[in-house]
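First the structure, in the form of structure tokens, and then the observations on it.
The values are calculated or read from the model by the stated rules, or taken from the named source; none is laboratory data. Keep in mind that this is a model prediction, so the values were computed, not measured. Neighbour counts are summed over all protein chains in view; Cβ atoms, including those assigned to glycine, are modelled from backbone coordinates with ideal geometry. Ligands, DNA and RNA are excluded from the accessible area calculation, which covers all protein heavy atoms including side chains. Shrake-Rupley method; radii C 1.70, N 1.55, O 1.52, S 1.80 Å.
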Amino acid sequence: MRIIKVIALYILLLLKTSSASGTDLFNNSKGSQSAALGYTGICLNNVWSTMNNQAGLASLKKITAGIYIENKFLIQSLNTKSLAFAIPASSGTFGASFIQFGESEYNETSIGLSYGMTLSPKFSVGIQLFHYAINQTQELGHAGVFSFQGGFIFKYNNELKIAFHIFNPQFIVKNNNQPQLAEIVKLGLLYQISENLNSYLEFHNHSIYKSGINSGLEYLGQNNLAFRIGYSTIHHKLTFGAGFRLQKLLINFASSIHDVLGYSPQISLTYEF
């Protein structure tokens, strides 16, 4: 079984390397809440909106910092580490983010600056400018590219939110020496089934890999506890997790399950100042 897992992982990495860069950084929403909900995230309003959908920053009222770690398939060299920071201002909320996938011999990084603002009580927008880079061994060198992403959130009523997000629009012209990032377009819905139960649905269109649907359910229990489950048709992964709040500290756990490659546990810590 271990041999099958290693071979499958090697093939997966070859396919990703041959077609596009940045997939491990940008395919999935960041933060363990999103990860547990089938990697849905563009309808949420939290510090991870800095990376997932910058319009979600608009409703933040406190300075917030977060850290997120994913141990993909329990293999250290495939770890993803993310940092996010949000600062509310009178006109909107500013955000900063850092993501790194891999280790010293090979890693991918992204540094971004975001801004989200409210245009009306029901409508918010946001944008991020970011730099993506591939860092390899000395023989292979370093390559980077600038791009942007952005989206909006529309609160139709107290039960329904509609969100849209686009990553790296294809009209941006890049030269052949730069990493080639895919365009990713997402349309999402958040529907509050009851006071304690939320449902999430996202349609993803990827310019290189196949498109698909991510979905999740979230139960908000007593004593600041939350329980989540989801499924991604894009990655064929079942996801699950839980979270709880300790005063200003929010702790979320999650994991995804791939039928061949196994578990990918995640944890995120968010602190409001």
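Just a few scattered comments:
- Sole exception among (1) among the acidic types (Asp, Glu); (2) more than 21 Å from residue 43 (Cβ to Cβ); (3) surrounded by fewer than 19 Cβ atoms within 10 Å (Cβ to Cβ) for residue 108, by number: (3)
- Subset of region 207-217 [open to solvent by 60 Å² or more (accessible area, probe 1.4 Å) and in a strand (DSSP E or B)]: 213, 217
- Evaluating residue 73 against the criteria (1) in contact with an Asp or Glu (Cβ under 9 Å, 6 or more places away or on another chain); (2) among the aromatic types (Phe, Trp, Tyr); (3) modelled with pLDDT under 90 leaves one unmet condition, (1).
- Options 95, 66, 41; residue that is under 25 Å from residue 192 (Cα atoms) and either in contact with a helix residue (DSSP H, G or I) (Cβ under 7 Å, 6 or more places away or on another chain) or in a strand (DSSP E or B) (or both): 41
- Residues in region 57-93 that are of a type outside the set (S, T, N, Q), touching a strand residue (DSSP E or B) at 6+ places or on another chain (Cβ under 6 Å) and open to solvent by less than 40 Å² (accessible area, probe 1.4 Å): 57, 58, 60, 65, 66, 68, 70, 72, 73, 84, 86, 92.
- For residue 193, the criteria (1) within 29 Å of residue 130 (Cβ to Cβ); (2) open to solvent by 60 Å² or more (accessible area, probe 1.4 Å); (3) of a type in the set (Val, Ile, Thr) hold in every case but one, which is (1).
This table checks each residue for (1) closer than 22 Å to residue 69 by Cα; (2) of a type in the set (S, T, N, Q); (3) touching a strand residue (DSSP E or B) at 6+ places or on another chain (Cβ under 8 Å).
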| residue | (1), (2), (3) |
| --- | --- |
| 180 | no, yes, yes |
| 192 | no, yes, yes |
| 199 | no, yes, yes |
| 209 | no, no, no |
| 232 | yes, yes, yes |
| 262 | yes, no, no |
| 268 | yes, yes, yes |
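- Screening residue 200 with (1) part of a loop (DSSP other than H, G, I, E, B); (2) open to solvent by less than 60 Å² (accessible area, probe 1.4 Å); (3) not aliphatic (A, V, I, L, M) gives one miss only, at (1).
- Qualifying residues in region 218-270 (those that are among the basic types (Lys, Arg) and either surrounded by fewer than 18 Cβ atoms within 10 Å (Cβ to Cβ) or free of Cβ contacts under 8 Å to residues at least 12 places away in the same chain (or both)) - the one farthest from residue 189 (Cα to Cα): 248
- Leading residue by the ranking (farthest from residue 190 (Cα to Cα)) among those in region 111-165 that are open to solvent by less than 60 Å² (accessible area, probe 1.4 Å), of a type in the set (Ser, Thr, Tyr) and in contact with a strand residue (DSSP E or B) (Cβ under 7 Å, 6 or more places away or on another chain): 132
- Taken over region 214-236, the residue count meeting the criterion of being modelled with pLDDT under 95 and closer than 16 Å to residue 31 by Cβ is 1.
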